[in-house]
Structures are given as C-alpha cells and as structure tokens.
Amino acid sequence: MSQARIGINGFGRMGRLALRAAWDRPDLELTHVNEVEGNAETAAHLLMFDSVHGRWPHEVSAGDGLEIDGTGLGYSDASELAMVPGPMSTSCSNALEGFERLSRSTPTSRKE
C-alpha cells in the first residue's frame, strides 16, 4: 500500500488533533507542519499536552523541526503557502478561503 504524504498548515487545536489522528495510520506519512504563530518547541509541548484530550502517548521533541517517536517532520512559520517546502495537503487554518487558494499554493492538490 502506498502512503499519502500529508503536510499540515495551521497547528492550532484542529491541526494538532489532525496530526494525532493521522499519526498511527499506516496509509499516511506526515511530512511537514506550517504554523505562523509560535515555534517548534511550543508546538511540541502543545502536541504532547492537550487540556481536553490529555497527554499524547508518543515522544515529541523539537529542534530544526518536530520529532515524534524518532521520526522527523519539517516545521516552518511561513505566512504564504508558496514559501513552505513540500505540499500542504491539509489546511487547519482559517486563513485559506477555500479549495482554490489551497490548490494554487499546492501544485499536487487535487479535487476529491
């Protein structure tokens, strides 16, 4: 089975929950997180500890990006998706105004 490569734009509550939900799925490969507020250290802490869902049972750390259970993910704080390395296929940010803007920023996007 081939893996779909997933990048997450927006790492607030919804972005973190999307990553948590996708992490153990063998058909998905999470590759990158883009969040304009905060940094990788803050993102790692907020991913580990959620006030509603509790502590996530995976090891999370930050450096140049995020590392989860020894697997590295890229991390950036670009305000324009065109500046993000790699495709962003999941938008958890209210900054985008629909599929058209996401698909302009992500050449590999396709309509479902």
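Each value in this text was obtained by applying a stated rule to the coordinates, not by laboratory testing. Note that the structure is predicted; figures quoted are calculated from it, not measured. Backbone-built Cβ (ideal geometry, glycine too); neighbour counts: all protein chains shown.
For Tyr75, the amide hydrogen comes within under 5 Å of the amide hydrogens of Val33, Leu66, counting only partners 5 or more places away or on other chains and with H modelled in the peptide plane. A cut-off of 5 Å between modelled amide H atoms, ignoring neighbours fewer than 5 places along the same chain, links Ile6 with Glu29, Leu30, Thr31. Computed packing ranks the peptides 2-10, 30-38, 51-59, 75-83 as 30-38, 2-10, 75-83, 51-59, most packed first, by mean other Cβ atoms within 10 Å.
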